[in-house]
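Asks: Following this message is one structure expressed as C-alpha cells.
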Amino acid sequence: MDGVDVTRVLVVDDEEIIHRLLREGLHRHGVEDVLFARDGVEALEVMEGAGPGVDAVILDHRMPRMDGLTAAGHIKERWPGADIIFFTADLEAAERAREMGLFEVLVKPVSLQVIFNSIKEALAAKPGET
C-alpha cells in the first residue's frame, strides 16, 4: 500500500458485497493477502489458523453468532499486534469501541477510501515497517 510492507489483512463482515468491494480495493492498493470471515466466531478461527499472523482487521459491528465488539475484545487479548479498524452505524457501539482502544473507529456511512486510508495508517504504524 504505497510503500507499506503488508503481510495480511482480515475483513470481517457478514455481507458478501463488502468482501468483494474490499478485496478489489485492497488489491488495487497493493494488499494481496486478504482473508475473510463472516462473523466474529469465524474471525477468531481464521486468526487462529493465520500462521504468521494478521496485521490489520477490518471489523463490522453487527454480525450473526458473535458481534464485532465481542470479537474485538478477543482479538485484542489474543493478538495484541493486530490493529483493529471497527465500523458501525451505532453511535453507542462506536463509543464502546473507542473506550476499548481500537486502532480506528469509523461511523457508517463510510467511504471505501476512508477505510483504505485507515488500513494504510495502521500498517505504516507497525514497528519495523515503512
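Asks: For the chain, what is the calculated [θ] at 222 nm in deg cm²/dmol (nearest 500), taking -39500 (n - 2.57) for each run of four or more DSSP H residues and dividing by its residue count? Please list the in-between numbers first.
Replies: On the way: 5 runs with 56 residues, N = 130.
Estimated from H runs of four or more residues: -13000 deg cm²/dmol.
Asks: Further question: By average Cβ neighbour count within 10 Å, what is the ranking of 109-117, 93-101, 78-86 from highest down?
Replies: Details: 109-117: 13.9, 93-101: 15.4, 78-86: 18.6.
So the peptides 109-117, 93-101, 78-86, ranked by packing, come out 78-86, 93-101, 109-117.
Asks: Okay, which of the stretch 91-114 sit inside 19 Å, backbone N to the point 7 Å along the Cα-Cβ direction of I17?
Replies: Residues passing the 19 Å test: 107-114.
Asks: How large is the dipole of the chain about the Cα centre if only Lys and Arg carry +1 and Asp and Glu carry -1, each at its Cβ, rounded to the nearest 20 debye? All intermediate terms of the calculation are to be shown ahead of the outcome.
Replies: Values: 14 positive and 25 negative charges, 19 e Å.
Dipole about the Cα centre, nearest 20: 100 debye.
Asks: Please report the relative contact order for the stretch 9-124, taking Cα pairs under 8 Å with a sequence separation of at least 6, and give it as a percent rounded to a whole number.
Replies: Details: 181 pairs, mean separation 27.0, N = 116.
Here the relative contact order equals 23 percent.
Asks: Size of the chain along its principal axes in angstrom, Cα-based, largest extent first?
Replies: Its Cα atoms span 35, 29, 27 Å along the three principal axes.
Asks: Oh, and also: Tell me the label-point distance for the pair R65, E99, using the 7 Å Cα-to-Cβ offset, in nm and rounded to one decimal.
Replies: 2.8 nm
Where a number appears in this text, it was derived from the coordinates with a stated rule and is not lab data. In this text the structure is predicted, and so the values were computed from the model without any measurement. Please note: Cβ atoms are built from the backbone with ideal geometry, for glycine as well, and neighbour counts cover all protein chains shown.
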